[in-house]
1. Angle, helix 71-85 long axis vs. longest principal axis of the chain, Cα atoms, 0 to 90°, nearest 10?
2. Which peptide among 127-134, 35-42, 179-186 comes first, and what is the full order, when sorted by highest mean count of other Cβ atoms within 10 Å?
3. Could you sort the peptides 143-152, 89-98 by per-residue average Cβ neighbour count (10 Å cutoff), highest mean leading?
4. Of the options L14, L178, G147, report the single residue whose Cα projects farthest towards the positive end of the charge dipole of the chain (beta-carbon charges: Lys, Arg +1; Asp, Glu -1).
5. Around A9, what is the net charge, scoring Lys/Arg as +1 and Asp/Glu as -1 over all other residues with Cβ under 12 Å from its Cβ?
6. I'd like the FRET efficiency for C22 and E176, computed as 1/(1 + (r/R0)^6) with the beta carbon distance as r and R0 of 30 Å, rounded to 0.05.
7. For the stretch 22-104, max minus min Cα coordinate along each principal axis, in Å, sorted largest first?
8. Within the set of other residues whose C-beta is less than 15 Å from the C-beta of D206, count the net charge using Lys and Arg as +1 and Asp and Glu as -1.
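Every number here is computed from the coordinates shown, using simple stated rules; none is lab data. All values derive from a computational prediction rather than experimental measurement. All Cβ positions, glycine included, derive from the backbone under ideal geometry; neighbour counts span all protein chains shown.
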Amino acid sequence: MLNISKIRAITLDLDDTLWPVCPTIDRAEIALQHWLARRAPATAALFSDPHQRIRLREQAQSRLPHMHHDLSALRQEMIRLGLEQAGEDTGHAHPAFEVFFAERNVVTLFDDALEGLARLAKRFPVLAVSNGNADIHRVGIGHFFVGSVSARDVGVGKPDPRIFQAASVTLGLAPEQLLHVGDDAHLDVIGAMQSGMQTVWVNRSDHLWTHDTAPHAEAASMLELCDLIGA
């Protein structure tokens, strides 16, 4: 059960908590494909094949074994490898990634997200904590946050306790003073609980909880979360 009186700040996941991530990535893939088709058609042909994309991603992960947490670096290396193997100009890798990344930050927020963020930010400092590479300012919601901590910043992703510790340090608060909110049962809830935080599981699709340790609370939306904690 939540101890609301202890909460001094909120740490908040982004992808699939504030917006559905798969449609966002799909649109970014399409934008990248269109850009490559005009400038590097052989590479575009590679990327049009899902099996080739998987192969290129695996190769990028192999080339950058210490950067699996850095999705931007992996994506750019994946593009570079595709250009190299297609015999086209690898100098296209950076601008091609920028096309992908620009579209990756065009998201369709869940209907409750903006009102929920506004209510949370009025009541608590809110810090974004994400394994993904979305930029809260490019998305257009940065004004609701006091900052962000990402896997790329810290060098590890959730559920590793170091990313939650980095959030505590950034906010200048002890873990027990923080409430972490996210959709992923393992990465968000279990990870944050093991780091000493309270947690709310955002369960938009009425999934069953399958872990031994339960979250402190569950909410079906950001507005339900706000009602739950008096925001």
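1. Orientation of helix 71-85: about 10 degrees from the principal axis.
2. The densest-packed peptide leads the list: 127-134, 179-186, 35-42.
3. Ranking, from highest mean packing down: 143-152, 89-98.
4. Toward the positive end, the furthest listed residue is G147.
5. With Lys, Arg at +1 and Asp, Glu at -1, the neighbours total +2.
6. FRET efficiency, C22 to E176: 0.30.
7. Each principal axis gives a Cα extent; for the stretch 22-104 these are 33, 29, 23 Å.
8. -3
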